[in-house]
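Below: one structure, written as structure tokens.
Read-outs: derived from the displayed coordinates by stated rules, not from any lab. Owing to the predicted nature of the structure, the values given are computational and were not obtained by experimental measurement. Quick reminder, even Gly has a Cβ in these numbers, built from the backbone with ideal geometry, and neighbours come from all protein chains shown.
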């Protein structure tokens, strides 16, 4: 029986390339998104569209559509990036980034706990900008804080899920050429997805809860 990968934010960018990778590996790919794309429709086994992962209704839709199906790999990829600088802080923006980048992955994961079983893996797509030790440039208050919160959530999830045989990875994709950064990154979504998949492949209960760059470097908290 094919394994199942559930990927949020699967309609474009890194999420789409992860969907393409796992479809190529023979997985049944379930793409979760607000609005689908032709590219995702050509790849995914199932698409759960019109989902806002920050809202209870969106989470309920995911639960209903999966209907108790075993999830071998859950990738919380959906994200939001905005820019704030001191003296011009937009607290609504900061709040939105916390909702999308930190709270939503926790919402999705808790909702799908019945679908995760021994041997399942959970990948949280975070950012090295969530590293407090690595912050030597300031700014990006909402994004940094939301990814730091996601890292904290991920570490707790790793500890809580380890007895259940479920491993958790916190993964930084790199500076990727996506719409989120106006395509100004250093690597392609394809390269990022390949590196992320390699980290997920090597993930086990001994390395659960670790914070990794897609290139294989372990990152500081």
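Observations, loosely collected:
- Cβ-derived FRET efficiency at R0 45 Å, residue 206 paired with residue 96, nearest 0.05: 0.80
- For the peptides 130-138, 75-83, the ranking by packing is 75-83, 130-138, with the highest mean count of neighbouring Cβ atoms within 10 Å listed first.
- Estimated FRET transfer efficiency (residue 118, residue 218; beta-carbon r; R0 22 Å; 0.05): 0.30
- Estimated translational D of the range 99-221 in µm²/s (Stokes, Kirkwood radius over Cα pairs; 4 °C; 1.567 mPa s): 88 µm²/s
- In plain terms, the residue of 208, 54 with the fewest other Cβ atoms within 10 Å comes first and the most crowded comes last, giving 54, 208.
- Sequence ranges 63-74, 102-113, ranked by mean other-Cβ count within 10 angstrom, highest first: 102-113, 63-74
- Overall form of the chain per C-alpha gyration tensor (a/c, 1.5; a/b vs b/c): rounded
- Global dimensions of the range 1-105 from alpha-carbon coordinates: Rg and Dmax equal 15.0, 55 Å.
- Between the alpha-carbon centres of the range 203-221 and the range 105-138 there is a gap of 11 Å.
- The range 4-213, relative contact order [Cα under 8 Å, separation at least 6], %: 19 percent
- Between the helical axis of 189-202 and the longest alpha-carbon principal axis of the chain there is an angle of about 60 degrees.
- Taking each residue as 0.36 nm, the span from residue 82 to residue 159 lengthens on full extension beyond its C-alpha to C-alpha distance by 24.7 nm.
- The range 139-168 and the range 1-27 have Cα centres spaced 21 Å apart.
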